[in-house]
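The values are calculated or read from the model by the stated rules, or taken from the named source; none is laboratory data. Computed from a predicted structure; not experimentally measured. Every residue, glycine among them, receives a Cβ derived from its backbone with ideal geometry; neighbour counts consider all protein chains shown. With ligands, DNA and RNA removed, areas are computed over all heavy atoms of the protein, side chains included. Shrake-Rupley method; radii C 1.70, N 1.55, O 1.52, S 1.80 Å.
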Amino acid sequence: MRGEGIVNSSLDLIGNTPLVNLGKITEENNLKCTLLGKVEAFSAGGSVKDRIALRMILEAEKEGRLIRGVSTIIEPTSGNTGIGLCLAAARLGYKVIITLPEKMSLEKERMMTALGARIIRTPTDAPSESADSNIGVARRLVHEIENAVMLDQYSNINNALAHEKGTAVEIIRDIQATRGENAIADVLFAGVGTGGTITGLARGLRKHNKSQNAKNDYKDGLLVVGVDPVGSSLALPASLNRIEDGQSASYAIEGIGYDFIPAGLDRNEVDYWIKTSDDESFDCAHQLIRSEGLLIGGSAGGCLAGALKYLRTTEEGRKISQDPSKTVVLIFADSIRNYITKDWILN
Ligand code: PMP
């Protein structure tokens, strides 16, 4: 691990990301609770998805589905799982083909190309279930190309497990290291794409909080809030997903939101959903960059926007926001390096 001597390879730089106190954001928004950001930009590939990429590969190797030097990994992604797969594949010896919707940034494409992958762009507006979508094209290629394997982050159990066994354990470890062994996270906010992050974290943190007999009123000691962009259909109740007058059905924010419910997203683990617009997400990303000096990406802004909206507009949120004993964790999924040429970082 970093800081504990010589690191064996880039794969050991995956995960173990810092949990950062958002002191200035807390102050600027008159919050009394503790707000902590899990800053995934510090992982080797720059996102929360590195861990699932590595775990999906290692588990597929154990099952004999992947053979180094022989197999080709094909995966549809919004880019970050792709970067994680390309990074691990470069080190472990796999060819990679990534199918990526047009809307995703050029920075992600170029990073994966630099890591040796072939990138195929697909139309952003193709429905996920259609043959033209990034998922449809990946499914076709797996049949056409010899020794090709799709690890399928949407249904692969190792997606959520990487967070239950990894990310959640790190959060608990860091909270306890600073605030004592009885300290817990009371509230979790995360943007939702495949749902692996929120599902795995909810399971891992709840198991821990339950074993600690957490002193709050939440299910197994944890309140879980999912952040879903306007235009996506993941939120419940489904009426939240209606497009109101003046709202756009498409969104620029990358990595969160879908037009289908991924098999690995367990919506029973999510207690409350908040919808966010591009504008409020990019405003909050900006606030995080300029106030906290954290070089995060757009969906991290979405996560903060969802958290602030929940803490301001709901009864439970207002209670939490004024309670100094509450610890609130936000997942900041990726890095500004994915969006360097995007105008929102300058505005
Ligand atoms: N933010 C970004 C930038 C992402 O790339 C992803 C992964 N799609 C997420 C958030 C959401 O993570 P998950 O797929 O685990 O729900």
Can you report the number of residues in segment 42-94 which are within 12 Å of the ligand (Cβ to nearest atom) and farther than 22 Å from Ile171 by Cβ? 7
Out of Asp279, Asp283, report the one residue that is open to solvent by 60 Å² or more (accessible area, probe 1.4 Å), part of a helix (DSSP H, G or I) and either outside the structural domain of Val169 (by the TED database) or touching a Gly at 6+ places or on another chain (Cβ under 9 Å) (or both). Asp283
Report whether or not Gly69 is in contact with a Pro (Cβ under 9 Å, 6 or more places away or on another chain) and not assigned by the TED database to the domain that holds Ala252. no
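This table checks each residue for (1) within 15 Å of the ligand (Cβ to nearest atom); (2) outside the structural domain of Cys303 (by the TED database); (3) touching a strand residue (DSSP E or B) at 6+ places or on another chain (Cβ under 9 Å).
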| residue | (1), (2), (3) |
| --- | --- |
| Ile135 | yes, yes, yes |
| Glu144 | no, yes, no |
| Asn147 | no, yes, yes |
| Met150 | no, yes, yes |
| Asp174 | no, no, yes |
| Arg179 | no, no, yes |
| Phe189 | yes, no, yes |
| Ile198 | yes, no, yes |
For segment 206-223, does any single residue satisfy the condition of being modelled with pLDDT of 95 or more, away from the ligand (no atom under 16 Å from the Cβ), in a strand (DSSP E or B) and out of contact with any Lys or Arg (no Cβ under 6 Å at 6 or more places or on another chain)? yes
Identify the residue in segment 20-43 that is under 15 Å from the mean Cα position of the chain (by Cα) and of a type in the set (A, V, I, L, M) and, among all such residues, is surrounded by the most Cβ atoms within 10 Å (Cβ to Cβ). Val39
